[in-house]
Each structure stands twice: as C-alpha cells, then as structure tokens.
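Heads up, the thing below is written out as structure tokens.
The numbers here are math on the coordinates, done by the rules we state, and not lab data. Only a predicted model underlies this, so the values are computations on that prediction, with no experimental measurement involved. Positions of Cβ are backbone-derived with ideal geometry, glycine not excepted, and every protein chain shown enters the neighbour counts.
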Amino acid sequence: MGDPEYQVHPDIRQAHTLPARIYRDPAIYETFAERIFARTWQFVADTDQVRVPGQIYPCTLLEGCLDEPVLLTRDARDVLHCLSNVCTHRGHLVAEHAGIERVLRCRYHGRRFGLDGTFQHMPEFEGVEGFPGPCEDLPRIPLGQWGKFLFVALKPAHSLQELIAPLQERLGWLPLEQFRFDPARSREFLIRANWALYVENYLDGLHIPFVHQELAGSLDYSAYVTELYRYAVLQLGVAQSGEDRFDLPVSSPDRGKHVAAYYYWLFPNTMFNFYPWGLSINVVRPVGVDRTRVLFLRYTWDAARIGSGIGDDAAVDRVEREDEVVVENVQRGIRSRYYHCGRYSPSRETGTHHFHRLLAEFGLEGAGA
Ligand code: FES
Ligand SMILES: [Fe+2]
C-alpha cells in the first residue's frame, strides 16, 4: 500500500481530502499524465470528422499533458482506425492536415502506409535485412465509439463500455446520431488552476447556492441528486416549475421528474451535459500543473429549445465564469503553508469524494511524497 496521506477513506464521514500538494506539485502532475490520462478514455472527435472512406483527422491527444500525436482514419472498407501519427522511419508526423487520402505518405522521406496503418513502401531501402517487419506498421491505438462520439485510450485500464454504461442505460433513448456540432456556440476557456480543481468543482453540489445564485433559483435544490458509478458521476438537475425540461419517454426511470439537465462526469476529464436542446461536451485539458483549458463543445438536437431553461448558453457561460473565479482562488489558497487538506459534506460532496478516491486509486497508490 502507498502513503496513507494519499488515500481517501471510503466512508465519507471519516474521510479527509487529498493533500493540497497534488494540485501544485509538477512531479505529481507528470505522474497523473501517465497513470491517469494515458490509461483512460479521452473524447477526441465525432464521426462527422471522419465520415467517408479516405477521410483522415490528425490531432494531438491532450497537448501539454500526454502530447501524443494520433490519427483517425476511415479506410476504404469503411472501418475506423486510430493510429499513431508518428512515422516508423525517423519519427516525423505522418499526416499534418485533415483531408481525404488514398494512402498515408510521410513527407520527410516518402514512407507510405495504408489507411489502416499497414506499411506499404519505403524508397531506397533495398537490401535492408529483415525489412519490413511488423514494427514498420503504424501502431494501432484503442478506439471506442458511443453514438457518434469517438474516444481514444492509449493503455486503457477499463473498457469504454464500462465507462459509458450508466449513460447508455439512462439516456439510450436519445437519438445521438441527430445531434449536430455547433461551432458557433462552442467555447474555450483558459483557467489558471490545476485540472483536478476544475473537475472537483464540477462535482461539488455544495457550492451551487453560494456561487451560482441565479442557477440555484432555477433548480429545485432539494431534489438535486448525485449518483455514483464506478467511473462516472451523474448529477440530476431537477427544475423549478416553469423551467424547460425533458419530455421523457415511458422507458425512462426519470419519467415524472422535471429533469432540466443530466450532468454526467466521466473519469477523469470529460463531462456530458444533456439539456432539452441537446448536449454540451466539456473537455478538461490539463496544460500545466496550474493551467487548464476547458472546451464546451455544443451539439444541437432541438434548435427550437436553445435559449430556454438552465441550459441556456448565456446562463451556462455565466456559471462557467462564476466557477472560474472560485477555482482560481482555490489554486491560490492551496499554495498556502497553512492549508493541508479538508473534510467532506456527506450530503453534498459525494461526487468530489468519489473523484478523490479514483485519483488515489489510479494516480497515487504507491506514491511517496
Ligand atoms: S521519417 Fe517518415 S519517411 Fe522518414
Ligand atoms: Fe459550479
């Protein structure tokens, strides 16, 4: 077992939070990159970005944290792949731009691969012994799909299915294929705080009446529920009467409730927020020990309902700014010589407690100070 300081008691009433140094120590930040981010599912794109055979989409997985160049492709047989985007010759990037291609050709010395990553040809290599071997292919990276949403994991500790199951069971009735990405409504924020502070604020129901007074006025706080799953947390936003809410099908276990939002967090850094108008996927990207980029990727389902209820863009952006202020203040607070750790509210901080338990399980077991 590791250092007891890095463990969180399973009983929230006895538990102390993790030590403040996890949010400011560059060595722990690096450890989390390998132990947490390299082993979990990262949202990368939707199928519209690789919609037709031949389409390719290069990207860097978590720039500033994992920095892993990957390439999504759809081959001629209509099969999707995620490949390492690093040429097996001398390490140049294989694809530099999204587009449509018949083959992948590295522009440094002309090595060629199929869209499934198979090595095809290399100029001036006649006479090289034992060439080509299987290690000349572009390595394949685990790729998973839920609806139209694509996830990648470098060394997955669990299946995407295990991560997504709670959403699928609860919201499988939503026609995700009809959701359309809306770049004009999407946002990007740079936050001067550690990524884990941003996540735990999202999971914390306790701060809502203090920090988000307008939101609190639209929510029925007494009916606000937090549900814990192995790798996910659901917060169910129940509306005050008069607010827009989901028209739930008979099959939904929530039928009869005035659900205005399903806030799903997926370990470690993805949020799927469903509103009656559609979905905001929030991706929390660590870019340094005290810098975090947060994307709000909005997908419209029912455009007529944009602008109503607690999922209204302006209201959500306001909540974001309110959160940004407190999270950045906490980043300043945790540098103090006097703050070490805290305790949890058993009624309103179960999500934060669950997140800290996962952080300890993945990132800190066996870690020393
Ligand atoms: S690095 Fe790609 S062909 Fe040489
Ligand atoms: Fe908040």
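Using Cβ contacts closer than 10 Å as the measure, can you line up 57, 108 from fewest to most?
108, 57
For the range 317-347, which trypsin sites (Lys or Arg not before Pro) pass both filters: DSSP loop (anything but H, G, I, E, B) and at most 11 other C-beta atoms within 10 Å?
Sites meeting the loop and neighbour criteria: 337.
Using only the alpha-carbon atoms, how far is helix 350-359 inclined from the longest principal axis of the chain? Give it as 0 to 90 degrees, nearest 10.
30 degrees
Using only Cα atoms and rounding to the nearest 10 degrees, what angle (0 to 90) does helix 26-35 make with the longest principal axis of the chain?
Orientation of helix 26-35: about 70 degrees from the principal axis.
If a paramagnetic tag sat 7 Å from the Cα of residue 190 along the Cα-Cβ line, which residues of the range 249-284 would have the backbone N under 20 Å from that point?
Taking a point 7 Å out along Cα→Cβ of residue 190, the residues of the range 249-284 whose backbone N falls under 20 Å are 283-284.
No other cysteine beta carbon under 4.7 Å away is the test; run it over the chain and list who passes.
59, 65, 82, 135, 341
Compute the separation of the alpha-carbon centres of the range 298-369 and the range 66-123 and state it in Å as a whole number.
Rounded to whole Å, the Cα centres lie 37 Å apart.
Explain nothing, just the number: dipole magnitude of the chain about its Cα centre with +1 on each Lys and Arg Cβ and -1 on each Asp and Glu Cβ, in debye rounded to the nearest 20.
Roughly 180 debye for the chain.
Near residue 34, within a Cβ-to-Cβ distance under 15 Å, what is the net charge of the other residues, with Lys and Arg +1 and Asp and Glu -1?
-3
Using Cα pairs under 8 angstrom and six or more residues apart, how large is the relative contact order of the chain, in percent?
Once divided by the residue count of the chain, the mean separation gives 23 percent.
Which angle from 0 to 90°, rounded to the nearest 10, does the C-alpha axis of helix 313-333 make with the longest principal axis of the chain?
Roughly 90 degrees between the two axes.
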